[in-house]
Amino acid sequence: MTSKFSLLHQVRTHRLKQAKEEAEREATLYRSHMEDEYQKSISETSGSSGSNVKRLEEETEGKIEKLKISTSQVSSEVVEMLLKTKFR
């Protein structure tokens, strides 16, 4: 009778060890999957912010060029107005 209990105890212990190992494998796989998802979201986010920076730089350069053109057109008019005012 004792050997029967001993055998049942060994079987039960073996099953518990197997269940623990399987749970650890699943937890490791889950952690790995979540880390991959996190890294993917970081790379997507940083990529989009990089493209936003580039777009904003291009828009800024365009606005600066427009301002340069408009000031060069207006500067001659301003000089004429000043000369007229000065020599009146």
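Filter the stretch 1-31 for residues that are of a type in the set (Ser, Thr, Tyr) and surrounded by 10 or more Cβ atoms within 10 Å (Cβ to Cβ); which is farthest from the chain's Cα centre (by Cα)?
Ser6
Restricting to the stretch 53-88, name every residue that is of a type in the set (Phe, Trp, Tyr) and in a helix (DSSP H, G or I). Don't jump to the end; show me each part of the working.
Let us first name the residues in the stretch 53-88 that are of a type in the set (Phe, Trp, Tyr), namely 87.
Listed by number, the list is empty, since nothing qualifies.
I need the full set of residues from the stretch 32-67 which are among the acidic types (Asp, Glu) and either at positive phi or within 15 Å of the chain's Cα centre (by Cα) (or both), in order please.
So the first thing to find is which residues in the stretch 32-67 are among the acidic types (Asp, Glu), and the list is 35-37, 44, 57-59, 61, 65.
Listed by number, the residues that qualify are Glu35, Asp36, Glu37, Glu44.
All of the numbers you see were taken from the coordinates with simple rules; none came from a lab. Bear in mind that the values here come from a model prediction, so they are computed numbers and not experimental data. Cβ: placed from backbone, ideal geometry, glycine included. Neighbour counts: every protein chain shown.
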